[in-house]
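The values are calculated or read from the model by the stated rules, or taken from the named source; none is laboratory data. On a predicted model such as this, the values are computed, not experimentally measured, just so you know. We place every Cβ from the backbone using ideal geometry, glycine too, and count neighbours over all the protein chains shown.
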Amino acid sequence: MSNKVLYFLASLGLVIFSIITQSVLFPLFFKNDYMPDLTLIVIIYFSINYGKNIGQVLGFSSGIVLDSLSGAPFGLNTLVRLIIGFLLGFFKGKIFLDKILLPCIIITICTIFKFFLIQLVSMIFPIDFEINFFTIRFLIELGMNIVLTPIIFFLLNIMAKKLYVRRDN
Amino acid sequence: MPIKKRFDKSYSIFIVLFLISSIMLLSNESFKATKEGALSFFTILQRGVDLTIEFTSNTINSVSELKNLKKRYDLVSKELEDYRSLDREFLEVKRENSEFKKLLNFKDSLNHDSIQCEIIGKDPSNLSSAIVINKGSKHGIKNNQPVVAEQDGLIGVVGKVINTGAYSSIVLPLLDQRSYIASRLSESRYEGLVKGFDSLDGYLQLDYVKKIALNEISIGSLVETSGMNSLYPKGYFIGRIIQIDRVDYETSLKILIEPIIDFSRLEFVSVLVPTGVFNE
């Protein structure tokens, strides 16, 4: 199996795991449905580290899973995450991710960009979906994302290294 | 040259995926079957995680329960001679009896056939407050069926089914801004329209209640479904009035409602099955 396929399968598995965790596990800990967007964090990590192809396919496939489990119109998350995955893929090899600061900045920009894209897609496509992003709910999501991103990036780095070493052996 | 080839390939993949996503968004209805299939598939994973969590928490609870039982056993053994245990058992049976009575009353009090479901997950996308229940089309659940639940002795509206998989369904709660319910004030019988607005505090808005009703309604008044041209049958509670605003330039009152159902502690719901009494 080629490295690309292996990385894609591993990342897809992680994304599906994060979606299920977000859907089943997080409601037990976070009140009022305030949840971080784990999937977005994972997409960002893989897009920046492994490029446009893995980023966009991962964004697309995770979007389908999200759309099938959510009340949002089918295709909304798919399109938004595809664009995010693709655009972030341009940064492969161009930025050096430190442990805290840059991941926090990237997730802030990406979360705001995600809100903006959802708003834009809702306006362009004839879908029955309105959402007001200027609420505390989305500030909380942004805050949670910022807190969790360095931790998840750190864990993913460890996993990627182990996978890499195992492949080398 | 090889660099250019790779560059082109990623662009072509993006264009293809972009087109597929756009078609999915443009023809939502055509992809209904795909969504239902995906929902059924991923619910298996979701259910698996849910069961694992349930098993883990039950196991942890069992350990602490065993400890508690041991303590209770010692205590009861000591007090056995004084016949105190009898009293305790009597109270326990009495409590259970009252719980069972409550449950029986709830089932009897539903005027329609219903399917009891358990909530197994919430919307993972953060874009809506939809919930996932563990019954689907195989159990007779269809889109647009109303969902109710019992809390604190009142049967309240939870929302409606918006998507069904084979063994799971997605319920759109009445808090969602896409939710509208024809309603009526329980005491004064004035009609209105309850709509969700994704309120941070989980409140609903009651519109189109005439200003003349101001003297007859008060904070705490109950609001119920009116059954008028609605998929929700008549007589199910929606919420209690918590704020009434009279705006001079508007012809109707602006009323804020707190739902009867506390969604944060909702575990089980009932999907109402139409029996000809109300229309889907």
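Note on segment A:69-100: among residues that are more than 23 Å from residue A:21 (Cβ to Cβ), within 12 Å of chain B (Cβ to nearest Cβ) and among the aliphatic types (A, V, I, L, M), the one that is surrounded by the fewest Cβ atoms within 10 Å (Cβ to Cβ) is A:87.
Do we find that residue B:142 is in contact with a Ser or Thr (Cβ under 8 Å, 6 or more places away or on another chain), part of a loop (DSSP other than H, G, I, E, B), modelled with pLDDT of 80 or more and basic (Lys, Arg) in this structure? Can you show your working first?
On the way: in contact with a Ser or Thr (Cβ under 8 Å, 6 or more places away or on another chain): yes; part of a loop (DSSP other than H, G, I, E, B): yes; modelled with pLDDT of 80 or more: yes; basic (Lys, Arg): yes.
Considered against the rule, which asks whether it is in contact with a Ser or Thr (Cβ under 8 Å, 6 or more places away or on another chain), part of a loop (DSSP other than H, G, I, E, B), modelled with pLDDT of 80 or more and basic (Lys, Arg), residue B:142 comes out as yes.
With respect to (1) assigned to a loop (DSSP other than H, G, I, E, B); (2) touching a helix residue (DSSP H, G or I) at 6+ places or on another chain (Cβ under 9 Å); (3) among the hydroxyl-bearing types (Ser, Thr, Tyr), the lone exception for residue B:270 is condition (1).
Based on what the data block shows, is residue B:44 within 30 Å of residue B:137 (Cα to Cα), touching a residue at least 60 places away in the same chain (Cβ under 8 Å) and in a helix (DSSP H, G or I)?
yes
Is there a residue in segment A:71-82 that is without any contact (Cβ under 8 Å) to a residue 24 or more places away in the chain, over 13 Å from the mean Cα position of the chain (by Cα), within 15 Å of residue B:126 (Cβ to Cβ) and assigned to a helix (DSSP H, G or I)? Looking through segment A:71-82, none of the residues is without any contact (Cβ under 8 Å) to a residue 24 or more places away in the chain, over 13 Å from the mean Cα position of the chain (by Cα), within 15 Å of residue B:126 (Cβ to Cβ) and assigned to a helix (DSSP H, G or I).
Filter segment B:172-226 down to the residues that are of a type in the set (Asp, Glu) and more than 22 Å from residue B:250 (Cα to Cα), then identify the one that is modelled with the lowest pLDDT. Break it down into steps so the answer makes sense when it comes.
Taking segment B:172-226 and keeping what is of a type in the set (Asp, Glu), we get B:176, B:187, B:191, B:198, B:201, B:207, B:216, B:224.
If we keep only those that are more than 22 Å from residue B:250 (Cα to Cα) as well, we get B:176, B:187, B:198, B:201, B:224.
Working: B:176: 85, B:187: 85, B:198: 70, B:201: 74, B:224: 91.
Going through the qualifying residues, I end up with B:198.
In this structure, residue B:246 qualifies as surrounded by fewer than 17 Cβ atoms within 10 Å (Cβ to Cβ) and of a type in the set (Lys, Arg). Exactly one residue among B:33, B:38 is of a type in the set (Gly, Ala, Ser), crowded, with 16+ Cβ neighbours inside 10 Å, modelled with pLDDT under 80 and part of a helix (DSSP H, G or I), and that residue is B:38.
Of all the residues that make up segment B:76-95, how many are out of contact with any Ser or Thr (no Cβ under 7 Å at 6 or more places or on another chain) and at pLDDT 75 or above?
8
Looking across B:47, B:72, one residue alone is modelled with pLDDT under 80 and among the basic types (Lys, Arg). It is B:47.
Has segment A:20-36 got at least one residue that is within 17 Å of residue A:79 (Cα to Cα) and either out of contact with any strand residue (DSSP E or B) (no Cβ under 8 Å at 6 or more places or on another chain) or of a type in the set (Gly, Ala, Ser) (or both)?
Let us first name the residues in segment A:20-36 that are within 17 Å of residue A:79 (Cα to Cα), namely none.
Taking every residue of segment A:20-36 in turn, none turns out to be within 17 Å of residue A:79 (Cα to Cα) and either out of contact with any strand residue (DSSP E or B) (no Cβ under 8 Å at 6 or more places or on another chain) or of a type in the set (Gly, Ala, Ser) (or both).
Here segment B:169-181 is the region considered, the condition is being over 17 Å from residue B:266 (Cα atoms) and touching a strand residue (DSSP E or B) at 6+ places or on another chain (Cβ under 6 Å), and the residue that is surrounded by the fewest Cβ atoms within 10 Å (Cβ to Cβ) is B:180. From the list A:53, A:145, the lone residue that is of a type outside the set (Val, Ile, Thr), within 9 Å of chain B (Cβ to nearest Cβ) and part of a helix (DSSP H, G or I) is A:53. Screening segment B:120-143 for residues that are more than 9 Å from every other protein chain (Cβ to nearest Cβ) and in contact (Cβ under 8 Å) with a residue 40 or more places away in the chain and picking the one that is farthest from residue A:66 (Cα to Cα) gives B:140.
Could you grab me the full set of residues in segment A:135-146 that are out of contact with any Asp or Glu (no Cβ under 8 Å at 6 or more places or on another chain) and without any contact (Cβ under 8 Å) to a residue 12 or more places away in the chain? Listed by number, the residues that qualify are A:136, A:139, A:143.
Among the candidates A:40, A:6, A:14, A:66, which residue alone is out of contact with any Leu (no Cβ under 7 Å at 6 or more places or on another chain), touching a residue at least 60 places away in the same chain (Cβ under 8 Å) and facing chain B (nearest Cβ under 10 Å)?
Details: A:6 fails: facing chain B (nearest Cβ under 10 Å); A:14 fails: facing chain B (nearest Cβ under 10 Å); A:66 fails: touching a residue at least 60 places away in the same chain (Cβ under 8 Å).
On inspection, the qualifying residue turns out to be A:40.
Looking only at residues of segment A:133-142 that are at pLDDT below 80 and facing chain B (nearest Cβ under 7 Å), we find that the one that is surrounded by the most Cβ atoms within 10 Å (Cβ to Cβ) is A:137. The residues of segment A:17-37 that are of a type in the set (Val, Ile, Thr) and touching a Leu at 6+ places or on another chain (Cβ under 7 Å), listed by number, are A:19, A:20, A:21. Residue A:92 falls short on exactly one of the conditions (1) free of Cβ contacts under 8 Å to residues at least 40 places away in the same chain; (2) part of a loop (DSSP other than H, G, I, E, B); (3) in contact with a helix residue (DSSP H, G or I) (Cβ under 9 Å, 6 or more places away or on another chain), and that condition is (1). Answer with yes or no whether residue B:256 is over 22 Å from the mean Cα position of the chain (by Cα) and not in a loop (DSSP other than H, G, I, E, B). When the stated conditions are applied, residue B:256 does not pass them.
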